[in-house]
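In what follows, a single structure is set out as structure tokens and then discussed.
The values are calculated or read from the model by the stated rules, or taken from the named source; none is laboratory data. Bear in mind the structure is a predicted one, so any value in this text is a computation, not a measurement. All Cβ positions, glycine included, derive from the backbone under ideal geometry; neighbour counts span all protein chains shown. Heavy atoms of the whole protein, side chains included, go into the accessibility calculation; ligands, DNA and RNA do not. Shrake-Rupley method; radii C 1.70, N 1.55, O 1.52, S 1.80 Å.
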Amino acid sequence: MRLFAALVPPDEVLDEIERAIAPHVGQVPGLRWPDRATWHITLGFFGEVPERALPELETRLARAVRRHRALDLAFAGFGAFSSARRARVFWIGVTGDSMTRLADSVRAGARRAGATGTDAKPLHPHLTLARAKTETDLRPLVESLSGFSGSPWRAEVVRLVRSRTGPQVRYESLAEWALAPAEPG
């Protein structure tokens with residue numbers, strides 16, 4: 001099974017992003033815009049995980065998530081990987097509480113559970129909005145959206161998600177765990 005752990009923003013926050021990008025969808029040749037149902041913030045990509053490892057993975061992820069508080073976040077700053085001039089991925093950034101410790105805990109738990117394909121790259125919190133098969137200059141797109149700033153929201157749940165590849169990527173939530181309540185104030 002191809003698995004990852006993610007935060008899924010609330011619908012009203014995704015609505016804001018959808019309205020901001022709507023005039024641009026379909027306007028850049030070669031840029032594919034995945035279905036909104038697939039939008040998420042990846043905390044850890046685990047690659048192919050044997051089904052027999054799933055119970056241990058769920059146990060370790062639950063333990064890792066419980067050790068961290070809910071996060072106060074917002075979306076701001078569009079960008080692209082590897083750069084806006086030579087892009088293959090168009091994204092919106094995430095600001096607010098740092099997700100690094102949570103992501104590190106989730107990834108460590110996954111590795112201990114036998115998810116040997118767990119990504120070790122440093123976390124760059126973002127939500128992927130579009131992809132291109134070849135490098136594309138997205139500087140005009142990134143610049144046109146530079147004034148966007150989303151409403152604050154609280155991430156309270158981490159999901160374990162199965163990715164089913166094919167002509168249309170589909171995601172299936174296998175489990176979810178609540179983060180500890182945020183500190184008052």
* Residues of the stretch 149-166 being at pLDDT below 95 and open to solvent by less than 50 Å² (accessible area, probe 1.4 Å), which ones? -> Ser163, Gly166
* To do: Could you figure out which of (1) modelled with pLDDT under 95; (2) over 19 Å from Ala175 (Cα atoms) isn't true of Thr118?
  => (2)
* **Candidate set: the stretch 127-147, residues that are at pLDDT below 95 and in a loop (DSSP other than H, G, I, E, B); chosen: the one surrounded by the most Cβ atoms within 10 Å (Cβ to Cβ)** => Ser146
* Asked: For the stretch 23-49, how many residues meet the condition of being open to solvent by 60 Å² or more (accessible area, probe 1.4 Å) and either in a helix (DSSP H, G or I) or of a type in the set (Ser, Thr, Tyr) (or both)?
  -> 2
* Quick one: what pairs do we get from the stretch 41-66, first residue farther than 17 Å from Ala180 by Cα, second modelled with pLDDT of 95 or more and part of a helix (DSSP H, G or I), C-beta under 7 Å, 6+ apart or different chains? -> Gly44/Ala103; Gly44/Val106; Gly44/Arg107; Gly44/Ala110; Phe46/Ala110; Val49/Leu57; Leu57/Ala110
* Structure fact -> Conditions (1) of a type in the set (A, V, I, L, M); (2) at pLDDT 95 or above; (3) surrounded by fewer than 18 Cβ atoms within 10 Å (Cβ to Cβ) -> Leu7 fails only (3)
* Asked: Considering the stretch 174-185 alone, what residues qualify as being open to solvent by less than 70 Å² (accessible area, probe 1.4 Å) and at pLDDT below 95?
  -> Ala180, Ala182
* To do: Scan the stretch 23-40 for residues that are without any contact (Cβ under 8 Å) to a residue 40 or more places away in the chain and at positive phi and jot them down.
  => Gly26
